[in-house]
1. Antiparallel versus total DSSP beta bridges in the chain: what percent is that, nearest 5?
2. If each residue of separation counts as 0.36 nm, what is the full-extension length gain between Ala156 and Asp337 once their alpha-carbon separation is subtracted?
3. By how many degrees, between 0 and 90 and to the nearest 10, does the Cα long axis of helix 74-88 differ from the longest principal axis of the chain?
4. What do you get when you divide the Cα radius of gyration of the range 218-328 by 2.2 N^0.38 Å, with N the number of residues?
5. Using +1 on the beta carbon of Lys and Arg, -1 on that of Asp and Glu, and nothing else charged, what's the dipole of the range 71-224 about the Cα centre, debye to 20?
6. Let me have the relative contact order for the chain, percent, based on Cα pairs under 8 Å that are six or more residues apart.
7. Hey, can you rank 198-209, 258-269 by average C-beta count inside 10 Å, highest first?
8. Place a +1 charge on the Cβ of each Lys and Arg in the range 216-421 and a -1 charge on the Cβ of each Asp and Glu, then give the dipole magnitude about the Cα centre in debye, rounded to the nearest 20.
Amino acid sequence: MSKSGYQARRSAVHLLDQVMDKGRLLSEVIGGGALQKLAPEDRARAQRLATETLRNLERADRILQKHLKKTPAITVHNVLRMATVELCQGGAAHGVINDAVEIVAKGKRTAGMKGLTNAVLRKVADKGVEEWEKLRVPRLPKWLRKPLAQAYGNEAMLSIETAHFAGAPLDLTAKDDAAAVAEAVGGELLPTGSVRLQDAGQVTALEGFKQGAWWVQDAAAAIPARVLNAQPGEKVLDLCAAPGGKTMQVAAAGAKVTAVDDNPARMERLQENMKRVQLKANVVVGDVMAQEGQYDAILLDAPCSATGTIRRHPDLPFAKDGSEFGDLIGMQEVFLDHAIGLLKPGGRLVFCTCSLLPDEGEVQVEEAVERWADVTVDRDAVLVDGVDPAWVTEEGGLRLRPDYWSDKGGMDGFYVALLRKGQ
């Protein structure tokens, strides 16, 4: 990291501007090269600063509103937010405030606000820390909070927000021997077979990374492939496959897997991952709807709102407003029908989404069964090792939530169901 941390802080403010002002996701901005000129340690710090600021945005704004007569320009506001989070989490006031003032001073449109920046942050440094821990757990925006409260109740909604605020540990999926991986990396072997690290550090430095013994994959995201239960020699189609966690699981089971996704950059990453873990798949960069043939088993991880991943991606509630969800739900229905049409008689299909919204999970499966007379839900199939039977929903799918396993660090929100096609 650079001595002052200035480059990392300036880059973090740029990331925040892109999310808060332009409605872009951090993954999109970073994937576009926003941090590529930074040293690796500054790159990591910039991303962490932006993520922590977004996770704590409500708290930062509550502290700042006491010291601002009106809301400043977005960049200045984001500088103040980031610095407030750093200060209230124990950051050294001298370095934090100096860098914040310098970032504002060097902007053509913001230079006139450097005095205000200095004055406000000195007040925050003086009294903000003691106020910080008294503030409530940050809430989701109303556009998302309302449907989730309706789906799960207010008490569960609060638990979900608490899980989001806590962030996420690092989960690994082992290529073959999960117990050996857990021992090698000093992690916890979870009930479903994933390996969890609470403080992982640099991923590429962990034991077994270079050897391809495992890959990073949230414990919830690893469950759909376990439910599919691919068998050696089976012809399996993985739709919307990138970046490849589920593809690797299916390939490791010995199945003949075809991985399809229309994003070239993400598919390049999939191929890199497959090479590192020494597994093979037929990789197709293309449209789901263009796929043909007949398969023993299909895994469809459909495009969705990604509302189940907020504990790892706190930018989502601020970059999105829910307006595109209707189109996504329509796309899921079309993809699901096409996938069912690609199943051999007697074949099985896992439909999953990393969403907390029932319209992207339970409702999709209920309606698919109504449309397809020869398709049924196999409710027993979702009861893989480590799954609580209480997580099985009325129509026979599996509802996973961030507040489950709260004592272990939670999990992503996911919906998983296995559909069987008649002979």
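1. Roughly 50 percent of the beta bridges in the chain run antiparallel, per DSSP.
2. 61.9 nm
3. Computed tilt is about 90 degrees.
4. So the Cα radius of gyration is 1.12 times the expected 2.2 N^0.38 Å.
5. 1160 debye
6. Relative contact order of the chain: 14 percent.
7. Working: 198-209: 12.5, 258-269: 17.6.
Ranked from most to least packed, the peptides come out as 258-269, 198-209.
8. Charge dipole, the range 216-421, about its Cα centre: 980 debye, nearest 20.
Read the figures in this text as sums done on the coordinates, not as results from a lab. None of the values given here were measured: they were computed from a predicted structure. Here the Cβ is made from the backbone with ideal geometry for all residues, glycine too, and neighbour counts use every protein chain on show.
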